[in-house]
Structure formats: structure tokens, C-alpha cells
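Novice: Have a look at the structure that comes next, please.
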Number of protein chains: 2
Amino acid sequence: MAGSRKEHLLETALKLFNQHGFHATGIDRVQAESGVSKTTMYKYFRNKDELIRAVLEMRHEQFGKWFTSRVIKISRESYPDHPYGKLMSMFDAVSEWIHSDTFFGCNFINASAEFSDFQHPIHVYAAQHKLEWSEYIRGCVSGVSEAEADEMAKEILLLLDGAIVSAHTTGLKDSAERAQRMMLLILQNSTAEVLD
Amino acid sequence: MAGSRKEHLLETALKLFNQHGFHATGIDRVQAESGVSKTTMYKYFRNKDELIRAVLEMRHEQFGKWFTSRVIKISRESYPDHPYGKLMSMFDAVSEWIHSDTFFGCNFINASAEFSDFQHPIHVYAAQHKLEWSEYIRGCVSGVSEAEADEMAKEILLLLDGAIVSAHTTGLKDSAERAQRMMLLILQNSTAEVLD
DNA sequence: GGTCAAGAGTACAGATCGGTACACTTTGTG
DNA sequence: CACAAAGTGTACCGATCTGTACTCTTGACC
């Protein structure tokens, strides 16, 4: 298969970028550990930045599918009649992620940390990723005005990001549960009706 | 002065690390922009990791002094009779920081993103930094049990970190105000009495 | 079986990396 | 003035970095 080779390369790169960061991971090491020859690598991606970009795009897709499907399943199983079931489930899913052995924080937060310049295309892409998640969250909120839904989505994203960062830097693995409790308190004080 | 040379070196290194990250900033560039000769640099710090560590230690001191003094002043000026004056002021101070032109996110979050390995001394130091801030916040909470105060401090730190990361990755500069509103809602639902 | 694209393997270029060696200069002090 | 500490300037080391060139091999398809 043609795709699987490329995918395997991207998977390997993602793993290495996660473990050692983007700058600290050399092209040679990606080549060596993926088994894909350097010639082929540079046929797929013109340079390292394009590889990083492609890795983030794959991660965006991959994480998106995993997360949204987990949210649906957890929502059905754990919060069948809960008014904020989907929103609650997001924190459960993040908690699962945090407790997994492949947790190295959020790739996009890490990327914007390494490519700190706001103008850098990779930083811009990371911002766009967060924007898309904000819109996804927004889609799980209803019964309030547009402006209110936007605001609530930003609040919940802030809680999720806070939980992820907290878990990554300090190693506190219960931060998703903490953020979940906070969200619940906030929702109970809003007039929102929320889809489950 | 002996100290000022070292300080100037550390300040220059901090600026470069902020703008371009730790790995992407070469020793040569720190040398060139600081004006301090390489020989002297390596007399102060045995290697790059020690330089990074020293930069973070300086930043810890520097930010700590700035932040705590801002909190005291803002608390007095803006929340003279507010029950949660100090806690409120923390978010105002972070907002000021976010709006400044020297905002590149939290150095310690960024450091733990680049030195992703939990065992790495720099990651450990970043975690310790967060722990100390958690204790500072805890010192601004009273009227609740020890366990409850610990939990509240962790919650507030999560909100602050979430605001900082959100502002850095997406460029949303109003995230501190958002986090502040969330904290207020949470405090109003707790039984805490808080020192101002 | 012949053809041709895709990939492997590798050598290498040019730059930069962290770090060292060493000779020279400045500066403070008795 | 003498002397020692501290700092400068620079050349250089070996390693590693991104990226390119070129040959050899494999395998699919006609």
C-alpha cells in the first residue's frame, strides 16, 4: 500500500515529536526509526516544517475521531439522562487520555510553545486547531443566545486546556475530574439548556 | 559589577528562549546578542542545560516578585472590600501580562512542553514552580479545611494556566477575564471565606 | 519478459550545534 | 609598578543538523 508507508512515517514522527519535542527530534532519527528512506521522506515532504505540519494534520484528524466517538459513547453509557451529558463526557475522555501511557500533553499547545512566534505557520495552525475544537464544543451547547454559546464554548475549552496542561507539567492526573467539577458548577449557574 | 554581567546574560537568554524556544536558540546566538564572551558564559554555566535552569530560576524569582506585588496593589486599589480581592487580582495581573508585548506564554509550561520527559530535570523544575504557585494561592484561601483549601488552590491554578495557554496558542487576549468570571462563580458556590 | 516508477541505501555537502583551548586585554588591588 | 582575577576574541573540535545526489534494487503492469 502507498498510504500505509506514509502513515507509518507520520506515526513514527508523531511518537518522536511527542517524546522529545519538535526541534530536538532530528530528521535522521525519524528516518532511522520509521525505516522509510530519506529519499522517500523528502518526496512526501519538502522539508521538516512540512513534515511537522503533516504530523499535526494527521493528529488533528486522529484525535478528533477518537475524542468525538468517545464522547458519544461515554455520554450514552454514563450520562443517559444527564442534561449536560456530552459536555461531561469530554472531561471523562480527556481523563482517559491523561491516564494513558501515550500522554505527552496536547501536541498543539506544545507546538505553539516551541514555535512561539504568532506569525509562524505552525503556531497559526495550532490556533486554528483550537478554534475548531471551540466550534465543536459550541455545537454541544444550546438553549442560549449565539454570543452566550460562544462564550460557554470558550470557557469549557479553557477548562479542558487547563486540565491538559496541568496534568502534563505537574503530573497531576486528576485535573480532568477537577475541571469537570468546575464546569458543572458553572453550568448550574447559567441559564443554558444543553443537548446531551 | 560582577552580577550585572551575569544578569544581562540571563536576561538576553530569557528573551531569546521566549521568542524562539529553548532548543531553537543556539549558545552562539546568546553569546552574540548578550555581548558576553563564550569563555565567560561557560565559566558561569557548565553547559546549556545549566543556563536554561538558571534562566528559569531567575524568571521564577522575577515573575514571583512582580506578580505578588501586583496582586497586593490591585487588591488594595480595585477590590478594597471585596471578599476575594486577592484571588480576583491574580487574574487582573495575568491579564496585564497577557496584554504586554513580552507575553510568550508561561516559560515553565513551555519548558515542560519542550522537555517533555517527566524525568528531565528541567521538566521537574517546571513542575516544582507550579507547585510553589499552588501553595501561594493556597495561602490566599482560608475559612475552609486544609483539604478544601488545597483543592481550591489547584482549581484556581488550573484556571490561571488555562487562561495563559489559551491566550498564547489562540491569541485570545480576554481569557484572563473569562477565567476570572469562572472563578467567581465557583467561589460563590463554595462555603469558603477568603482573605482579601 | 521488458519497462518504468518507487523506494532503499548511502555518501556527502554546508551549516550549525555545544563545548574547549589558548593567547591577549582589561581591571582592580596591594 | 606588580600581579592576579576576570573577561575578550577567536580558532577549532567532533558531532549533528537539514537537505541533496546518485546508484542500486524491487515489484507491478503491459
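Novice: Mind telling me which of A:T170, A:T12, A:T68 comes out most flexible in a GNM of chain A, alpha-carbon contacts under 10 Å?
Specialist: Greatest mean-square fluctuation among the candidates belongs to A:T170.
Novice: If I build a Gaussian network model for chain B, linking alpha-carbon pairs within less than 10 angstrom, which residue out of B:K15, B:K130, B:K38 has the largest mean-square fluctuation?
Specialist: With Cα springs under 10 Å in chain B, the top fluctuation among B:K15, B:K130, B:K38 is at B:K38.
Novice: Given springs between every Cα pair under 10 Å in a Gaussian network model of chain B, which of B:N47, B:N110, B:N18 has the largest fluctuation?
Specialist: Its mean-square fluctuation being the largest, the pick is B:N47.
Novice: Where only protein heavy atoms count, and the probe is 1.4 Å, what is the accessible area per residue for the protein assembly as shown in Å²? Walk me through the numbers on the way to the answer.
Specialist: Working: 17630 Å² over 392 residues.
I get 45 Å² per residue for the protein assembly as shown.
Novice: Roll a 1.4 angstrom probe over the protein heavy atoms and tell me the percent of accessible area of the protein assembly as shown that is carbon or sulfur. Display every interim value, and only then the final one.
Specialist: Numbers: 9020 of 17630 Å².
Answer for the protein assembly as shown is 51 percent, counting heavy atoms of protein chains only.
Novice: Also, quick follow-up: State the residue of chain B whose Cβ is nearest the axis carrying B onto A, and the distance in whole angstrom.
Specialist: B:G162, 1
Novice: At A:I27, with labels set 7 Å past Cα in the Cβ direction, how many nm apart are the copies from this one, shortest first?
Specialist: A:I27 label point versus its equivalents elsewhere: 2.5 nm.
Novice: Right, another one. Taking a threshold of 29 Å on the Cα-Cα distance, which of the pairs B:K48/B:K154; A:K6/A:K65; A:K73/A:K154; A:K130/B:K65; A:K48/B:K173 fall above it? Provide the component values of the computation, followed by the final result.
Specialist: Details: B:K48/B:K154 32 Å; A:K6/A:K65 19 Å; A:K73/A:K154 23 Å; A:K130/B:K65 32 Å; A:K48/B:K173 31 Å.
Too far apart for the 29 Å limit: B:K48/B:K154; A:K130/B:K65; A:K48/B:K173.
Novice: Sticking with this one: To test your reading of the geometry: what angle, between 0 and 90 degrees and rounded to tens, separates the Cα axis of helix B:121-138 from the longest principal axis of chain B?
Specialist: 30
Novice: Run the simple label-point estimate for B:D49 and A:Q19 please: 7 Å along Cα→C-beta, distance reported in nm.
Specialist: Placing both labels 7 Å beyond Cα along the Cβ direction yields 1.7 nm.
Novice: Are there any chymotrypsin sites (Phe, Trp or Tyr not before Pro) in the range B:104-151 that are in a DSSP loop and have at most 12 other Cβ atoms within 10 Å? List them by number.
Specialist: none
Novice: A further question on this structure: Starting from the 7 Å offset along Cα-to-Cβ, what nm value, one decimal, do you get for the label separation of B:E146 and A:M58?
Specialist: It works out to 4.9 nm between the two label points.
Novice: Still on this model: Residues of the range A:134-150 with amide nitrogen under 12 Å from the 7 Å Cα-to-Cβ point of B:L184?
Specialist: Counting backbone N atoms under 12 Å from the label point, the list is empty.
Novice: If you don't mind, another one. By how many degrees, 0 to 90 and rounded to 10, does the Cα axis of helix A:85-99 deviate from the longest principal axis of chain A?
Specialist: Roughly 40 degrees between the two axes.
Novice: With solvent modelled as a 1.4 Å probe, how much accessible area in total do chains B and A shield from it at their shared surface, in Å² to the nearest 100? Write down the numbers at each step before the final one.
Specialist: Details: alone 10600 and 10570 Å², together 17630 Å².
Using a 1.4 Å probe on protein heavy atoms, the buried area is about 3500 Å².
The values are calculated or read from the model by the stated rules, or taken from the named source; none is laboratory data. Being a predicted model, the structure only gives us computed values, none of them experimental. Here the Cβ is made from the backbone with ideal geometry for all residues, glycine too, and neighbour counts use every protein chain on show. For accessibility, only protein heavy atoms count, side chains too; no ligands or nucleic acids. Shrake-Rupley method; radii C 1.70, N 1.55, O 1.52, S 1.80 Å.
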